[in-house]
Amino acid sequence: MKRLSDWGADHPPWSTAQKCAVAAFLLSLTVLDDVLLERLPPLQNAFAVGSAVVASLCAVPLESVSRTLRASVAVVASWTTTLFLLASDDAAGAWGVGELVALLLLLVGTVWRGSDHAAAILGPPLAVACMAIPARDSDPHEWTLAITLITVIVAAFSLLLRTQSEQRVRDLDALRAAERRELARELHDVVAHHVTGIVVQTKAARFAAQAPGGDAPNTQDPQETAAMLERIEREATEALGAMRRLVAVMRRADPGRPATTAPVASLADTRKLVADVTGDGCPDISLYIEPGIEDRLPPDVTAGVHRIVREALTNVRKHAADARHVRITLTTVDSGLELKIVDDGRSAAALPERAKGGGFGIEGMRERAAAMGGSLRTGPLPGGGWQNVAVLPLRAQTPRRRP
């Protein structure tokens with residue numbers, strides 16, 4: 001539910017009416033106090049009524065005057081009146097409810113909504129000003145204890161509201177940071193995968209269009225050219241679709257339109273991915289999946305396997321130009337499920353510098369493995385080539401809470 005202040009901001013006439021009602025209520029309390037309570041000498045009465053009026057006006061939430069300034073004026077007026085009346089000989093009945101309510105409202109607003117500096121500087125003087133009001137009376141009796149208790153409760157409740165508001169802000173910031181990281185991983189894992197394929201295929205087509213010994217055009221088989229262009233078109237279409245899905249996620253959904261989500265990738269999608277990449281001019285790829293393992297894997301694990309395999313194959317395209325074979329194995333081990341991707345490449349692909357990436361692929365694979373409670377090891381092989389070994393748990397992991 002929207003806060004009353006937010007609702008008032010959307011309806012200016014009602015907001016003005018609310019402010020007038022607050023001012024009228026507080027001023028009416030001040031007038032009632034002046035009429036019902038015991039009369040003071042003229043000078044003391046002027047100080048008491050003036051302080052109540054100033055506090056009441058300062059408690060009205062005016063956008064044109066900052067809360068810090070209003071609270072400061074109210075504190076100065078209240079403390080000046082309290083010290084003056086304490087120094088007077090006759091101060092019986094020198095306080096009322098109107099000023100107290102106004103100061104409590106300012107205390108709530110300053111401690112709850114004010115800045116850290118304002119809450120620390122003005123909060124204590126406001127609280128003490130509330131508790132000091134009954135001391136103006138020559139015989140405060142039980143009022144001092146009662147109002148002190150009320151002030152402590154109001155201050156503690158305001159601090160609780162402030163703590164909850166700050167926690168909500170921290171939670172929202174953490175959620176936004178997690179969403180940004182997820183979008184970054186999605187951009188890198190999905191879009192970069194297809195764009196890398198486009199770059200590799202375009203470069204292969206350009207070399208194929210040249211004669212072996214020079215820059216003269218080469219007479220290439222039209223069917224081979226058409227196949228290359230078809231693969232480039234497919235990669236571009238997939239990249240465009242992925243971008244559109246990401247844009248749809250980042251945009252706010254329409255109120256009456258249900259949210260749509262893409263299905264979770266399965267091992268069948270991993271097999272299709274391997275088959276598609278094998279036909280894109282990449283080295284031969286062998287995929288071995290342990291028999292009977294597919295029915296034992298939960299959906300989040302199969303999705304993680306698909307993402308890690310896709311990123312590993314993208315890295316082969318980028319960084320293993322001379323690779324002839326890629327071996328992918330998915331087997332069970334004592335600690336869970338082991339996914340191993342090994343290639344025999346020794347030199348990087350001759351891609352433009354901007355197409356090589358910034359090393360986010362391995363970090364993304366490591367984050368995905370860690371999110372499922374697993375681990376990832378990567379590194380070169382002694383005889384040449386590169387390996388990625390991910391170990392994922394087969395049992396559902398309890399999500400770890402962020403500190």
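Restricting attention to region 326-345, report how many residues are out of contact with any Pro (no Cβ under 6 Å at 6 or more places or on another chain) and either among the basic types (Lys, Arg) or under 19 Å from Gly384 (Cα atoms) (or both). Going through region 326-345 one residue at a time, the tally reaches 9. Looking at (1) surrounded by fewer than 22 Cβ atoms within 10 Å (Cβ to Cβ); (2) farther than 14 Å from Gly385 by Cβ, which is the only condition Val305 fails? Condition (1) is where Val305 drops out.
For Val316, the criteria (1) touching a helix residue (DSSP H, G or I) at 6+ places or on another chain (Cβ under 7 Å); (2) surrounded by 14 or more Cβ atoms within 10 Å (Cβ to Cβ); (3) at pLDDT below 85 hold in every case but one, which is (1). Among the candidates Arg346, Arg395, Arg402, Arg327, the residue that is part of a loop (DSSP other than H, G, I, E, B) and at pLDDT 70 or above is uniquely Arg346.
The values are calculated or read from the model by the stated rules, or taken from the named source; none is laboratory data. The structure presented is a predicted model; accordingly, all values stated were derived computationally and were not measured. Note that each Cβ is placed from the backbone with ideal geometry, even for glycine, and that neighbours are counted across all protein chains shown.
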